[in-house]
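Just below is one structure, and these are the notes that go with it.
Every number in this text was worked out from the coordinates using simple rules, so none of it is lab data. As the structure is a prediction and not an experimental result, all values here were calculated from the model. In this analysis, Cβ positions are derived from the backbone assuming ideal geometry, glycine residues included, and neighbour counts consider all displayed protein chains.
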Amino acid sequence: MPEIINLMSDTVTHPTEEMRKAMYEAEVGDDVQKMDPTINKLQELAAELVGMEDSLFVPSGTMGNLIALMCHCPAGKEIFLESASHINLLEGGGVARVAGLMPYQIKGRNHCILEPDDIRAAIRKEDVHHPTPGILSIENTHNVGGGTVHPIDYLKEYRKIADNYNLKFHMDGARVFNAAVKLGVDVKEIVKYTDSVMFCLSKGLSSPVGSMLCGTKEFIKDALKVRKMLGGGLRQAGVLAAAGIISLNQMTERLDEDHKSAYKLAEGLSEIKGITIDLSAVQTNIVFLRFDEKSDKNAVYLGNELKEKYGVLCGVRNPGLIRMVTHRQISGENIGYVLDSAKKIMG
Ligand code: TLP
């Protein structure tokens, strides 16, 4: 058995040697006093890269999304989001419990991409019975959709909707650089339609910790306060920012390798009896495998065998579903090994 091959998420990536060295040598100060030079440098770099006025380092994507919602919208307003989005399903209900927003869930089509007309249909007329529409939130790439990418034309439509109905437009761009690489555009071309974007340093970009929240100067000023309130004011956080700077300077372009290995993995797996994969959803670095859950060789079986006999970890969601995510630590050789192992197990 080779070393463990971990396809559970791109969050499992370890910092590179260069990151570790930069973290060790990082110049630091008290970031709550805005005196950490390395954090300041990262924040400037992130804002410049996405083409926004300012940015803020946050400990996690979940906190970044929550801060954005709280800064854009007072409690009681309505948030329009995709029903399988991370904010809706996987952030502990913070959208309702902490931000106090009323989720209006809209089912996306074509692998969880929101149809602009479905959003228009969801926004109700002003009426004493209705919560006031406050914010539209989009997830790009869409995780549960399979790492799917929103076409630029859709982003333009979302902006129009936001302007017409007086909504803020937030993007959960945890993997927005994957979207940019897939579309072959500068990330600015994606982000320019939004009022705010959160993206993660800690996923395919390989930093150990952290996400960035970006927006106008005024928005980030509010965000700083809310981050402190939520307990996210860090002190000598430059040790983390040092890795983040390397993520932004060196790790964005290489995401294409992860997309290629995800597609190779998906193509190979889709040829194995008992596994179904919709290849049209495999647009970036996420692959969903579907199974007949009543079969003896269902997702739980494959997941257990891969782990116990072959040292391959993947995300078994339920007896009918597995998620596999490619990243910097998954080589072409690893993909071949996973395919051979899956063939032996399912064969
Ligand atoms: N996603 C994680 C898990 O939480 C499922 C993963 O392994 O994919 N937005 C999106 C689209 C995400 O996929 C994630 C994390 C987050 C936000 C939250 O980021 P963190 O984990 O930093 O709070």
Among the residues that make up segment 42-50, is at least one of them more than 22 Å from F169 (Cβ to Cβ) and not aliphatic (A, V, I, L, M)? yes
Would you pick out the residues in segment 28-71 that are touching a residue at least 24 places away in the same chain (Cβ under 8 Å), surrounded by fewer than 24 Cβ atoms within 10 Å (Cβ to Cβ) and part of a helix (DSSP H, G or I)? D31, V32, P37, K41, Q43, L45, A47, L49, T62, M63, M70
N88 fails exactly one of the following numbered conditions: (1) in a helix (DSSP H, G or I); (2) touching a residue at least 24 places away in the same chain (Cβ under 8 Å); (3) under 22 Å from G232 (Cα atoms). What is the number of that condition? (2)
Considering every residue within segment 286-294, establish whether at least one is in contact with a Ser or Thr (Cβ under 9 Å, 6 or more places away or on another chain), under 17 Å from G320 (Cα atoms), touching a residue at least 24 places away in the same chain (Cβ under 8 Å) and of a type in the set (V, I, T). yes
Just wondering, is there one or more residues in segment 249-269 that are crowded, with 18+ Cβ neighbours inside 10 Å, among the charged types (D, E, K, R) and in contact with a Ser or Thr (Cβ under 7 Å, 6 or more places away or on another chain)? yes
Take the residues in segment 10-19 that are away from the ligand (no atom under 16 Å from the Cβ) and touching a residue at least 40 places away in the same chain (Cβ under 8 Å), then tell me which one is farthest from K203 (Cα to Cα). E18
V95, sole failed condition from (1) touching a helix residue (DSSP H, G or I) at 6+ places or on another chain (Cβ under 9 Å); (2) more than 14 Å from H170 (Cα to Cα); (3) within 16 Å of the ligand (Cβ to nearest atom): (2)
Those residues of segment 106-131 which are within 16 Å of the ligand (Cβ to nearest atom) and outside any loop (DSSP other than H, G, I, E, B), in sequence order: I113
Residues (aliphatic (A, V, I, L, M) and in a strand (DSSP E or B)) located in segment 207-246: M212, L213
Only residues in segment 229-249 that are more than 20 Å from T62 (Cβ to Cβ) count as the first member; pair them with residues that are of a type in the set (D, E) and part of a helix (DSSP H, G or I), Cβ under 7 angstrom, at least 6 apart or cross-chain, and list the lot. R235/D31; I246/E18
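From the set of residues in segment 141-200 that are hydroxyl-bearing (S, T, Y) and either away from the ligand (no atom under 16 Å from the Cβ) or surrounded by fewer than 21 Cβ atoms within 10 Å (Cβ to Cβ) (or both), which is farthest from D118 (Cα to Cα)? Outline the logic, then answer.
Restricting attention to segment 141-200, the residues satisfying the condition of being hydroxyl-bearing (S, T, Y) are 141, 148, 154, 158, 165, 193-194, 196.
Subset that is either away from the ligand (no atom under 16 Å from the Cβ) or surrounded by fewer than 21 Cβ atoms within 10 Å (Cβ to Cβ) (or both): 154, 158, 165, 193.
On the way: Y154: 12, Y158: 11, Y165: 14, Y193: 19 Å.
Filtering first and then ranking leaves Y193.
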When segment 91-105 is checked residue by residue, the ones that are in a loop (DSSP other than H, G, I, E, B) and surrounded by fewer than 20 Cβ atoms within 10 Å (Cβ to Cβ) are G92, G93, V98, G100
Failed item, numbered, when N178 is tested on (1) in a loop (DSSP other than H, G, I, E, B); (2) among the polar types (S, T, N, Q); (3) in contact with a Ser or Thr (Cβ under 8 Å, 6 or more places away or on another chain): (1)
